[in-house]
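The values are calculated or read from the model by the stated rules, or taken from the named source; none is laboratory data. From a predicted model like this one, the values you see are computed outputs, not experimental measurements. Cβ coordinates were reconstructed from backbone atoms using ideal geometry, including for glycine residues, and neighbour counts include every protein chain displayed. We work out accessible area using only protein heavy atoms, side chains counted, and drop any ligands, DNA or RNA first. Shrake-Rupley method; radii C 1.70, N 1.55, O 1.52, S 1.80 Å.
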Amino acid sequence: MPTKLNQEAVNDRPVIGILTQIVTDDVLKPFGRTFIPSSYVKFIESGGSRVMPIRLTLNTAEYKKIFEKINGLLFIGGAVDLETSDFARVAKIFYSLALKANDEGDFFPIWGTCMGMQLLTVLVAGENLLANTTAENIALPLNLTTEASSSRMFEGFPNKFMRALTKEPLTGNFHHYGLTVETFQENEKLRSFFSLLSTNVAENEVHFVSTIEGKRYPFYGVQWHPEVNRFQWNRKLNFPHSAHAVQLSSLLAEFFVNEGRRSLHQFDNPEEEASSLIYNNTPVYAGNFTGYEQLYFF
Ligand SMILES: *[C@@H]1O[C@H](CO)[C@@H](O)[C@H](O)[C@H]1NC(C)=O
Ligand SMILES: *[C@@H]1O[C@H](CO)[C@@H](O)[C@H](O)[C@H]1NC(C)=O
Ligand SMILES: *[C@@H]1O[C@H](CO)[C@@H](O)[C@H](O)[C@H]1NC(C)=O
């Protein structure tokens with residue numbers, strides 16, 4: 001593994017892995033056991049990366065091999081058990097590999113969106129500390145903390161745009177559970193691992209953690225959904241589509257893919273790479289019976 005070199009080397013053909021999600025919604029069951037909404041795929045692709053879907057049915061040795069080929073991971077949203085589900089089992093394997101790799105100078109980023117962020121907090125804390133922080137179908141401005149101004153995630157954001165982020169409802173929230181600010185601040189493991197970049201207020205008036213980034217590790221979490229701003233259009237859902245909302249989604253996709261560029265993992269050969277990418281799969285139109293436009297089933 002290149003160690004020092006890694007800091008300067010750039011990989012302009014990154015591949016980000018996305019764990020497939022377990023189907024829990026009855027209307028999706030006829031199509032498959034696991035799925036990935038295309039909005040997450042487009043989000044990663046729009047940042048200049050390709051996507052490898054990662055099934056939940058492999059063994060640890062197989063995941064280890066995949067880890068050595070991909071340049072980052074996205075944990076998507078969903079509604080599954082964060083300790084006992086297959087999704088949680090596979091995420092934990094990759095999380096352990098990523099911790100070890102980063103410790104050894106082998107840069108490897110992870111992004112968690114909504115339940116994916118919640119999962120990161122369970123992995124870091126070693127327990128599920130989530131509580132009712134319902135913010136369902138509402139777009140909110142971010143209440144940025146002082147740490148946000150020195151964060152990596154927002155470093156490249158124009159100053160004017162940072163003001164918009166705190167004033168305009170650019171972040172779509174679709175969750176029932178989350179981490180309260182109080183729990184975050186009282187938990188030594190979480191507090192020492194993550195910087196808290198933003199908070200928001202739930203329907204029950206509890207303040208919840210809305211954006212975090214690892215202090216030592218390139219791990220990022222958002223309780224909200226940056227991918228919907230550009231890639232989901234259901235009229236009943238409050239997806240932000242303003243020019244600033246689109247810009248936010250673009251900036252974050254580019255930020256995360258740039259993190260992936262710092263990983264030098266690669267496939268053994270171009271054929272193996274080609275057969276692993278999501279381009280081999282065809283999404284299904286789902287705009288007439290879900291809040292998504294298209295879904296990949298596995
Ligand atoms: C923003 O966060 C601060 C603490 O950092 C808190 O005192 C304040 O009430 C929050 N405001 C909103 C609107 O969430
Ligand atoms: C969470 O709190 C909201 C708002 O107070 C309430 O309507 C909802 O029933 C609660 N949900 C759960 C799962 O406890
Ligand atoms: C959604 O549209 C597809 C064709 O585009 C159609 O085959 C399917 O039956 C529709 N589903 C529902 C629930 O209306």
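Taking segment 218-298 and the helices (runs of 4 or more DSSP H) fully enclosed by it, the elements with 2 or more residues that are modelled with pLDDT of 95 or more, open to solvent by less than 30 Å² (accessible area, probe 1.4 Å) and away from ligand 2 (no atom under 16 Å from the Cβ) are at 228-231, 243-261. For segment 179-187, the criterion of a residue being more than 21 Å from Leu19 (Cα to Cα), without any contact (Cβ under 8 Å) to a residue 24 or more places away in the chain, away from ligand 3 (no atom under 16 Å from the Cβ) and not in a loop (DSSP other than H, G, I, E, B) is satisfied by at least one position. When segment 48-77 is limited to residues that are touching a strand residue (DSSP E or B) at 6+ places or on another chain (Cβ under 8 Å) and more than 23 Å from Glu259 (Cβ to Cβ), the one that is least open to solvent (accessible area, probe 1.4 Å) turns out to be Leu56.
Listed by first and then second residue, the pairs with beta-carbon distance under 7 Å, at least 6 apart or on different chains, first residue in segment 188-202 and without any contact (Cβ under 8 Å) to a residue 60 or more places away in the chain and away from ligand 2 (no atom under 16 Å from the Cβ), second assigned to a strand (DSSP E or B) and among the hydrophobic types (A, V, I, L, M, F, W, C), are Ser195/Ile212; Leu196/Val209; Leu196/Ile212; Leu197/Leu144; Leu197/Ile212; Ser198/Leu144; Thr199/Phe208; Thr199/Val209.
With the requirement that a residue be within 12 Å of ligand 1 (Cβ to nearest atom) and part of a helix (DSSP H, G or I), what does segment 142-155 give you? The answer is Thr146, Glu147, Ala148. All conditions but one from (1) under 21 Å from Asn102 (Cβ atoms); (2) within 19 Å of the chain's Cα centre (by Cα) apply to Val246; the one that does not is (1). In segment 219-232, the condition of being within 16 Å of ligand 1 (Cβ to nearest atom) and of a type outside the set (A, V, I, L, M) is met by at least one residue. Quick one: count up the residues across segment 161-181 that are open to solvent by 10 Å² or more (accessible area, probe 1.4 Å) and farther than 28 Å from Ala79 by Cβ. Summing the residues that are open to solvent by 10 Å² or more (accessible area, probe 1.4 Å) and farther than 28 Å from Ala79 by Cβ in segment 161-181 gives 5.
Residues that are open to solvent by 40 Å² or more (accessible area, probe 1.4 Å) and either among the basic types (Lys, Arg) or within 17 Å of Gln247 (Cα to Cα) (or both) are absent from segment 193-213. Restricting segment 166-202 to residues that are within 13 Å of ligand 1 (Cβ to nearest atom) and charged (D, E, K, R) leaves a set whose member that is nearest to Val80 (Cα to Cα) is Glu182. Evaluate the following for Pro158: is it open to solvent by 20 Å² or more (accessible area, probe 1.4 Å), modelled with pLDDT of 95 or more, within 16 Å of ligand 1 (Cβ to nearest atom) and not charged (D, E, K, R)? Against the criterion (open to solvent by 20 Å² or more (accessible area, probe 1.4 Å), modelled with pLDDT of 95 or more, within 16 Å of ligand 1 (Cβ to nearest atom) and not charged (D, E, K, R)), Pro158 does not qualify. Scanning segment 10-44 for residues that are of a type in the set (A, V, I, L, M), over 12 Å from the mean Cα position of the chain (by Cα) and open to solvent by less than 10 Å² (accessible area, probe 1.4 Å) turns up Val15, Leu28, Ile36. Here Ser210 fits the description: among the polar types (S, T, N, Q), more than 19 Å from Glu254 (Cβ to Cβ) and not in a helix (DSSP H, G or I).
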